[in-house]
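The structure under discussion appears below in the form of structure tokens.
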Amino acid sequence: MTDIKTEPGAELIVRMEKVNKFFGSLHVLQDIELSVTHGEVVVIIGASGSGKSTLIRCINGLEEFQHGHIEVDSNELLPNGKSSKSLQTIRTEVGMVFQQFNLFPHLSVRDNVTLAPIKVRGTSEADAIENADRLLEQVNIADQADKLPGQLSGGQQQRVALARALAMEPRLMLFDEPTSALDPEMIGEVLDAMRELAKAGMTMMIVTHEMGFAREVADRVIYIHQGQIVEQGKPEDVFDNPQNERTQSFLGRVLKH
Amino acid sequence: MDVTFQFDWQAAISSIPYLLTGIPYTLLISFGGLAIGFLIGILFGLLRISPVAWLRIPAIAYIEIFRGTPVLVQVLFIFYGLPQIIGGPVNALVAGIAAIAVNSGAYISEIVRGGVQSIERGQREASLSLGLSRTQSFRYVIWPQAFRRMIPSLGNQGIISIKDTSLFSVIGVGELVRQGQIYIATTFSALEVYLMVAMLYLAITLSLSLALRLLERKGLVGQ
């Protein structure tokens, strides 16, 4: 395994130590050691079922793990769903975008974005709306604010989901295959919005099958195979000169077309 | 014996004012019982899906017992049986409302459970990932969607419970059927009066169906 030394003095936002997770007898995460520094964009690649989604879902406590520990912005997540502060505290600092968007279908686009700031942060309605409209503008969808999610295309819905997560002003954004449920012609608009976010300096952990995007945006690419981090490094190193034969074989399969 | 069938319209129409005096009781027992049953249903429906066994098991027991025994037996138990325990009479109206409450409550618990469980897991995950507490997630995200899906089943249960109140004529509460029986006892016009009784039930249940359809249509705009 290639060891990536983080720059001295760089502020760590995520630190996973010896994280192990089992689904019954299946060992889905094996001794995961992973640190992410502030402002870094980490892309996680791997075959379906390799554990890459599970890995990022552990970071905001949507999945429990059985051994090891995870530090997120100085809060600590412990095995079996325990944590130093409430999970809620951790989740307010960590945004997530899901494969299936998971917008709230009974709320307008704007209300989707303002719900958490109003209910969790106690933001006034006026401020929350102003902020929501600014974020919707940012993801290029301001004209849809009064519609319901069901009236939007998949690409538009995913951009709303991005705005919704950003409304909480997270210090870290998790992306769980954000373009996998999209029609091909809509993938670009979502990747564009993510690219902007990366440029703005957001710390991002992205699980994706979009290798071109990974190469372009990632500071670091991590390849996971059967619950283990097999290889990681700068995108040009991992993509052009993979060291591990499993990485070579995986990339051989996905980059061919 | 020569039986000539003759429908006496006069008898039918003149029974209506007397039958109408039963309607307030029918409505009070139905909607009073259903309102309490709805609260019971929310509580036990949620306990029913609790991961905590000692919350879940009593809820399952309640649902199975009151769904698995006839509402007629339940009201007889409350009206005739309970006084032996509490040492005093139970008002017939109260017994009727209580019977509808515990009976519909058991069914509504299952409706609530089904409604809540039908909401995709991603809704809960998305709301939790935004920092909402479990309670907030339920209140603002899960429940509004679940409730909308529950409306048709709740309407069904409402209609069933309204009709169930007709059984409570046996404890002497002056609801629609009871008033009909009293009227027939003096006029012997069973055919006409029971037809009118049936029509009045139909008027109540059709009004409810219509109201629910409007509510559902309004609700569906939000889907």
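The values are calculated or read from the model by the stated rules, or taken from the named source; none is laboratory data. This is a predicted model, so every value here is computed, not measured. FYI the Cβ positions are ideal-geometry reconstructions off the backbone, even for glycines, and counts take in every protein chain you see.
Could you tell me whether residue B:167 is crowded, with 21+ Cβ neighbours inside 10 Å and either within 13 Å of chain A (Cβ to nearest Cβ) or assigned to a helix (DSSP H, G or I) (or both)? Taking the combined requirement at face value, the residue does not satisfy it. Among the residues of the range B:97-136, those identified as outside any loop (DSSP other than H, G, I, E, B), of a type outside the set (Val, Ile, Thr), within 14 Å of residue B:46 (Cα to Cα) and at pLDDT 95 or above are B:105, B:106, B:107, B:109, B:110, B:113, B:114, B:115, B:117.
A quick yes/no check of all residues on (1) touching an Asp or Glu at 6+ places or on another chain (Cβ under 8 Å); (2) part of a loop (DSSP other than H, G, I, E, B); (3) of a type in the set (Gly, Ala, Ser):
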{"residue": "A:112", "(1), (2), (3)": "no, no, no"}
{"residue": "A:115", "(1), (2), (3)": "no, no, no"}
{"residue": "A:120", "(1), (2), (3)": "no, no, no"}
{"residue": "A:127", "(1), (2), (3)": "no, no, no"}
{"residue": "A:132", "(1), (2), (3)": "no, no, yes"}
{"residue": "A:135", "(1), (2), (3)": "no, no, no"}
{"residue": "A:147", "(1), (2), (3)": "no, yes, no"}
{"residue": "A:150", "(1), (2), (3)": "no, no, yes"}
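Filtered by the rule that a residue be surrounded by 11 or more Cβ atoms within 10 Å (Cβ to Cβ) and either hydroxyl-bearing (Ser, Thr, Tyr) or in contact with a strand residue (DSSP E or B) (Cβ under 6 Å, 6 or more places away or on another chain) (or both), the range B:204-223 gives B:205, B:209. The residues of the range A:129-153 that are surrounded by fewer than 18 Cβ atoms within 10 Å (Cβ to Cβ) and within 14 Å of chain B (Cβ to nearest Cβ), listed by number, are A:146, A:147, A:150, A:151. Restricting B:183, B:194 to residues that are in a helix (DSSP H, G or I), free of Cβ contacts under 8 Å to residues at least 40 places away in the same chain and aromatic (Phe, Trp, Tyr) narrows the list to B:194. Within the range A:104-120, restricting attention to residues that are in contact with a Gly (Cβ under 9 Å, 6 or more places away or on another chain) and facing chain B (nearest Cβ under 7 Å), which residue is surrounded by the most Cβ atoms within 10 Å (Cβ to Cβ)? The qualifying residue surrounded by the most Cβ atoms within 10 Å (Cβ to Cβ) is A:116. Could you check residue A:42 against (1) surrounded by fewer than 24 Cβ atoms within 10 Å (Cβ to Cβ); (2) within 11 Å of another protein chain (Cβ to nearest Cβ); (3) of a type in the set (Val, Ile, Thr) and say which number it fails? Against the list (1) surrounded by fewer than 24 Cβ atoms within 10 Å (Cβ to Cβ); (2) within 11 Å of another protein chain (Cβ to nearest Cβ); (3) of a type in the set (Val, Ile, Thr), residue A:42 comes up short only on (2). Of all residues in the range A:156-204, exactly one satisfies the criterion of being of a type in the set (Gly, Ala, Ser), assigned to a helix (DSSP H, G or I) and surrounded by fewer than 19 Cβ atoms within 10 Å (Cβ to Cβ), namely A:188. Screening the candidates B:183, B:201 for the property of being under 22 Å from the mean Cα position of the chain (by Cα) and surrounded by 15 or more Cβ atoms within 10 Å (Cβ to Cβ) yields one hit, B:201.
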